[in-house]
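K.L.:
Take a look at the following structure, please.
FYI, it's all coordinate maths here, none of it is from the lab. Here the structure is a predicted model, which means the values were calculated and not measured. A quick note on method: Cβ atoms are made from the backbone with ideal geometry, for glycine too, and the neighbour counts reach across all protein chains shown.
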Amino acid sequence: MRTLLVQSCSKRKVETGGPVPAFERYDGYFYRIIKNAVDGSLADAPFDLRILSAEHGLLHPADGIEYYDREMDVERATELRPTVANELQSLVESADYERIIVNTGEAYEAAIAGFQEGLDAEVVRIEGAGLGEKGHSLKVLLESLTEDTPPAEAH
């Protein structure tokens with residue numbers, strides 16, 4: 001089953017001079033869970049990742065970005081929504097994802113509202129009463145994806 005994880009960016013970022021891949025730039029709680037689940041590399045991950053950034057919109061994890069400090073708010077989400085929701089919908093259609101996991105806060109949800117309309121994919125939202133509960137849910141879900149993926153064959 002092809003799975004896409006849509007993860008919001010994090011306030012905690014690695015500060016470096018010059019651009020670095022988005023997946024390396026973000027260092028918040030959920031990114032640590034994701035990085036642990038894939039041993040730090042997305043190369044063999046059983047899911048694809050897209051990052052929803054308050055500054056940049058929808059990012060591929062390899063997209064090089066500079067350090068920034070911008071929080072998502074309703075105004076910014078409304079500004080991003082037409083582009084981000086369309087990009088996400090096109091991505092899901094073209095890659096034929098069967099499941100989309102969404103782990104975003106309320107303000108980020110406004111930026112992707114309606115993306116799933118007309119898509120034939122299951123949308124799973126990571127939910128919980130607090131950060132710890134959401135983190136646990138994400139960890140369990142990512143572990144289940146890893147367990148469902150057959151090991152790569154040696155060549």
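K.L.:
For the chain, what does the relative contact order come out to in percent, with C-alpha contacts under 8 Å and a separation of six or more?
P.N.:
Reported relative contact order: 28 percent.
K.L.:
Take the alpha carbon atoms of region 3-147, find their radius of gyration, then divide it by 2.2 N^0.38 Å using N residues; give the quotient.
P.N.:
This ratio for region 3-147 stands at 0.98.
K.L.:
Okay, moving on. Using a 7 Å offset from Cα along Cα-Cβ at Ser144, what residues in region 65-100 end up with backbone N under 15 Å from the label point?
P.N.:
99-100
K.L.:
For the chain, what is the mean residue ellipticity at 222 nm derived from helices alone (per DSSP H run of n ≥ 4: -39500 (n - 2.57); sum divided by total residues; nearest 500 deg cm²/dmol)? Let's see the in-between values first.
P.N.:
Details: 5 runs with 60 residues, N = 155.
Roughly -12000 deg cm²/dmol at 222 nm, from the helical runs in the chain.
K.L.:
Among His56, His136, which comes first, second and so on when ranked by fewest other beta-carbon atoms within 10 Å? Working shown, then result.
P.N.:
Values: His56 17, His136 14.
The order, fewest Cβ neighbours first, is His136, His56.
K.L.:
Based on the mean of other Cβ atoms within 10 Å per residue, sort peptides 26-36, 73-83 so the most packed one is first.
P.N.:
26-36, 73-83
K.L.:
Another question, then. Using a 10 Å cut-off around each Cβ, can you sort Leu119, Leu42 from fewest to most neighbouring Cβ atoms?
P.N.:
Least crowded to most crowded, the residues run Leu119, Leu42.
K.L.:
Can you compute the charge dipole magnitude of the chain about its Cα centre, using +1 on each Lys and Arg Cβ and -1 on each Asp and Glu Cβ, nothing else charged? Give it in debye, rounded to the nearest 20.
P.N.:
I would put it at about 400 debye.
K.L.:
Projecting each Cα onto the charge dipole of the chain (Lys/Arg +1, Asp/Glu -1 at the beta carbon, about the Cα centre), which of Val20, Leu91, Ala111 comes out farthest on the positive side?
P.N.:
Val20
K.L.:
Between Asp44 and Ser90, what length in nm is gained on full extension when 0.36 nm per residue of separation is reduced by their alpha carbon distance?
P.N.:
Once the chain is fully extended between Asp44 and Ser90, it gains 14.2 nm.
K.L.:
Rounded if a/c is under 1.5, else prolate if a/b is larger than b/c, else oblate: which is region 67-155, with a ≥ b ≥ c the root eigenvalues of its Cα gyration tensor?
P.N.:
Oblate is the answer for region 67-155, as a/c is 1.5 or above yet b/c matches or exceeds a/b.
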